[in-house]
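The values are calculated or read from the model by the stated rules, or taken from the named source; none is laboratory data. Just so you know, these numbers come straight off a predicted model, no measurement behind them. Cβ placement follows ideal geometry from the backbone for every residue including glycine, while neighbour counts extend to all protein chains displayed. Surface areas here come from the heavy atoms of the whole protein model, side chains and all, with no ligands, DNA or RNA. Shrake-Rupley method; radii C 1.70, N 1.55, O 1.52, S 1.80 Å.
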Amino acid sequence: MNKSLFDFDKEDAKSRHKKLTEQIRHHDRKYYAEDEPEISDAQYDKLRIELEKLEKQYPELVTKESPTQKVGISPETAFTKVKHSVPMLSLSNLFEDEDVHDFIQRIRRFLNLPETENIEIVAEPKIDGLSCSLRYENGKLVMAATRGDGTEGEDITDNVKTINDIPHELSDTPPEILEVRGEIYMRRDDFAKLNKQQEEKGQKIFANPRNAAAGSVRQLDSKITAKRPLKFFAYALGEHSKIISKTQWGIRNKLEKYGFKKTEPAYLCSNIDEIIKTYHHILQTRAKLPFDIDGVVYKVNRLDWQERLGFVARSPRWATAHKFPAEQAVTILRKIKIQVGRTGILTPVAELEPITVGGVVVSRATLHNEDEIKRKDIREGDHVIIQRAGDVIPQVVSVLMEKRKTGSEEFIFPDHCPDCKSLAIREKGEAARRCTGGLICKEQAVLRLIHFVSRDAFNIEGLGDKIIRSFWEEGIIKSPEDIFKIEEKIKSGQLNLKDREGWGELSQNNLIESINSRRKIPLDKFIYALGIRQIGQATSKLLAANYHDIDNLVTNMKNKEEEYEKLLEIDGIGESMADDIFGFFAEPHNLKIIENLKKELEIIPYQTIDINDSKIAGKTIVFTGNISISRSEAKAQAEKLGAKVSGSVSKKTDYVIAGQGSGSKLKKAQELGVTVLNEDEWKELSSS
Ligand code: IVH
């Protein structure tokens, strides 16, 4: 049982504080950096509220690092960081109708207003997307940034310029400097369409519209963002050189004049009753809106009052979010199905009696893993409470034990793969069980092929999931190299695609053409296509940059003894990844596939640009401390010029680039006599 807050003594409070902080940080990372939340907003809010209460009772536990003092997390990605001229804050939350009363009273007290004075409130939906700040100078869009940690975000200007709702140039007469804040989001129907396309192409399926929007904005290639159906609602201002209105309502209208879509539906309420009625109205009509919302935002209408109210910690006093309760429903769990993933991971999925939750029909829910089923004692045939918080894949919250049928049996997680029947084992410290079937497991084989042809890998159009599946069944494509033999087989009469159902001359030719157009492939894409466990696009690039061509890579990877340490020296590759890489190249079958593919392809070595002139080609470089551009960008620049970027300083290091706040690495470089450069010296060297 959980202790109530008041039972806590200080030691308990301290350890609970630590636990909560860790949990919140973990979920922040999942939500903000990886776009893959594991818990619903409501569950997350609970953690935050408990932490806030704990800190109220034990103020000595508050530190600058506490999640209560920060919004989100610092951006760590490859995008350039930008400081917000006016911080992008978060909103405090309300959950109960009664809390609205307290919110208004607090404002009244702060402003010292008599009971007779009306406090007008603008109420509008809280859009479930990602916030964005747009900076206009002389009416022209000059910068778009994500919220990041509230003070510093990521420059997403190029990507944002592809969104139709965002004007590149403002209409009317905007102030010289105007920062418009709002939410980038995706409509539910567009989200469903996008996911369908993703599935057909064997690409990442997004958990919900918010993640799809965030994932689309965070693309390194703005051409991809341009293809995603993103939208934008404007709802507030950041820096502005001239006052454009005296009220929030007026700002809404001005924003519309400038060319933005204002957040709808919105209402101007003049008392608490009206606010609460508006909340319930929006809550009830929520499913009819074409986009996800997770609450109603209340904002004081008068801007002079907003100014006086100001901010506290991470949120304004003049606004708050009245959150919706998580949507739950009871249904019957028909069956627990085990899905096999590309790398053999077995994932349990609940097949449900379809039910509508918050306007959406749900027929499947995630069960996470073996331990989760055991912990909640979930059995087939149970009545279960499922929850859809609008933001995560539906989850099974708990079982209604009183409705359990007698004779129901505890679910035993299979120790064999449901597909190929090979043993499925769970390694120490791992949450997941894995099929050991490898090559003989059909499901893994098919998923690997789907990955091989997917957009970020070989990007072969015309080979969707269904086609791959049936080609596999029929023996047309069993292994990646078979893809490149299709044309030959057609020409020699061994294969006929054009007379298949749904095919024709044109689609047959198109397929051949799209396959042939991919016979030349950059090394990093080739490595990524191999589908080595844990090796995504970024690591594939690292491997390509460090080993340059396929033969060099294969030769070195076959030599684990000598190469292990060297591989670990690459910044971004850890032990577990290294084990998976060597594991892959230790399989004779994998080497055979590479050999066969080499006969069909031209694998372009990583260095296509002429690096002969670069002074840093072949040099080993270590970055440490803070420099003006992000670490990822610096690394990419150096690698482009043929340098190898390492995470640790050794005798083999040629240059250490030391920014501000350099510590142990700088010291080590000095001890070893390695050349240390400051950022300017580095810029000069790398541009010469
Ligand atoms: S007003 C000072 N209005 O909710 C903050 N925010 O949890 C003023 N959001 O970061 C924000 N819909 O990204 C405002 N209609 C709306 C909103 C909205 C969604 C987001 C925004 C903010 C977050 C706070």
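Taking the range 437-555 as the region of interest, the helices (runs of 4 or more DSSP H) fully inside it that hold 3 or more residues being closer than 25 Å to Ile604 by Cα and free of Cβ contacts under 8 Å to residues at least 60 places away in the same chain are 486-491, 505-516, 537-547. Within the range 387-398, one or more residues are of a type in the set (A, V, I, L, M), open to solvent by 20 Å² or more (accessible area, probe 1.4 Å) and at negative phi. Does Leu237 qualify as being surrounded by 15 or more Cβ atoms within 10 Å (Cβ to Cβ), under 30 Å from the mean Cα position of the chain (by Cα) and not in a strand (DSSP E or B)? When the stated conditions are applied, Leu237 does not pass them.
Scan the range 573-596 for residues that are surrounded by 14 or more Cβ atoms within 10 Å (Cβ to Cβ) and not in a helix (DSSP H, G or I) and jot them down. Once the filter is applied, which keeps residues that are surrounded by 14 or more Cβ atoms within 10 Å (Cβ to Cβ) and not in a helix (DSSP H, G or I), the range 573-596 yields only Ile573. Number of residues in the range 170-213 that are closer than 30 Å to Lys257 by Cα and without any contact (Cβ under 8 Å) to a residue 60 or more places away in the chain equals 5. Scanning the range 597-614 for residues that are at pLDDT 90 or above and either touching a Gly at 6+ places or on another chain (Cβ under 9 Å) or open to solvent by 30 Å² or more (accessible area, probe 1.4 Å) (or both) gives Lys598, Lys599, Glu600, Glu602, Ile604, Pro605. Out of all the residues in the range 90-127, which are open to solvent by less than 40 Å² (accessible area, probe 1.4 Å), within 33 Å of the chain's Cα centre (by Cα) and of a type in the set (D, E, K, R)? Residue satisfying the conditions is Glu124 alone. The residues listed here are Phe232, Phe191; of these, the one that is within 16 Å of the ligand (Cβ to nearest atom), buried (at least 16 other Cβ atoms within 10 Å of the Cβ), of a type in the set (A, V, I, L, M, F, W, C) and modelled with pLDDT of 90 or more is Phe232. Is at least one residue of the range 259-268 part of a helix (DSSP H, G or I), out of contact with any His (no Cβ under 7 Å at 6 or more places or on another chain) and modelled with pLDDT under 95? Looking for residues that are part of a helix (DSSP H, G or I), out of contact with any His (no Cβ under 7 Å at 6 or more places or on another chain) and modelled with pLDDT under 95, one finds none in the range 259-268, hence no. Looking across the range 313-338 at every residue that is hydrophobic (A, V, I, L, M, F, W, C) and over 29 Å from the mean Cα position of the chain (by Cα), the one that is nearest to the ligand (Cβ to nearest atom) is identified as Trp318.
Look at Gly182 and say whether it is modelled with pLDDT of 95 or more and farther than 21 Å from Lys223 by Cα. So Gly182 passes the test. Of Pro37, Pro67, Pro87, Pro75, which residue is open to solvent by less than 70 Å² (accessible area, probe 1.4 Å) and at pLDDT 85 or above? Only one candidate qualifies: Pro87.
Quick one: count up the residues across the range 358-379 that are assigned to a strand (DSSP E or B), over 28 Å from Thr406 (Cα atoms) and in contact (Cβ under 8 Å) with a residue 12 or more places away in the chain. Steps first, please.
Taking the range 358-379 as the starting set, the residues that turn out to be assigned to a strand (DSSP E or B) are 360-366.
Within this subset, residues satisfying the condition of being over 28 Å from Thr406 (Cα atoms) are 360-361.
Still in the running and in contact (Cβ under 8 Å) with a residue 12 or more places away in the chain: 360.
Number satisfying all stated conditions: 1.
Name the single residue, out of those in the range 269-304 being more than 15 Å from Asn118 (Cα to Cα), surrounded by fewer than 17 Cβ atoms within 10 Å (Cβ to Cβ) and among the polar types (S, T, N, Q), that is farthest from the ligand (Cβ to nearest atom). Among residues in the range 269-304 that are more than 15 Å from Asn118 (Cα to Cα), surrounded by fewer than 17 Cβ atoms within 10 Å (Cβ to Cβ) and among the polar types (S, T, N, Q), the one farthest from the ligand (Cβ to nearest atom) is Gln284. Checking each residue in the range 74-130 for being among the aromatic types (Phe, Trp, Tyr) and within 16 Å of the ligand (Cβ to nearest atom) picks out Phe95, Phe103.
A search for C-beta distances below 6 Å between a residue of the range 111-129 that is over 30 Å from Ala207 (Cα atoms) and any residue that is within 12 Å of the ligand (Cβ to nearest atom) and open to solvent by 10 Å² or more (accessible area, probe 1.4 Å), counting only pairs 6+ apart in sequence or on different chains, returns Val122/Lys299.
The set of residues in the range 175-187 that are more than 16 Å from the ligand (Cβ to nearest atom) and either of a type in the set (Ser, Thr, Tyr) or open to solvent by 10 Å² or more (accessible area, probe 1.4 Å) (or both) comprises Glu176, Ile177.
From the list Thr146, Thr162, the one residue that fits, being β-branched (Val, Ile, Thr), within 15 Å of the ligand (Cβ to nearest atom) and within 25 Å of Phe191 (Cβ to Cβ), is Thr146. For Arg404, state whether it is more than 30 Å from the chain's Cα centre (by Cα) and open to solvent by less than 70 Å² (accessible area, probe 1.4 Å). Yes; evaluated as a whole, the condition is true for this residue. Considering the range 312-362 alone, what residues qualify as being within 19 Å of Lys126 (Cα to Cα), open to solvent by 60 Å² or more (accessible area, probe 1.4 Å) and not basic (Lys, Arg)? Within the range 312-362, Pro325 is the sole residue that qualifies. Of all residues in the range 221-239, those that are without any contact (Cβ under 8 Å) to a residue 60 or more places away in the chain have Cβ atoms under 8 Å from Cβ atoms of residues that are assigned to a strand (DSSP E or B) and more than 15 Å from the ligand (Cβ to nearest atom), 6 or more apart or on another chain, in Leu237/Leu178.
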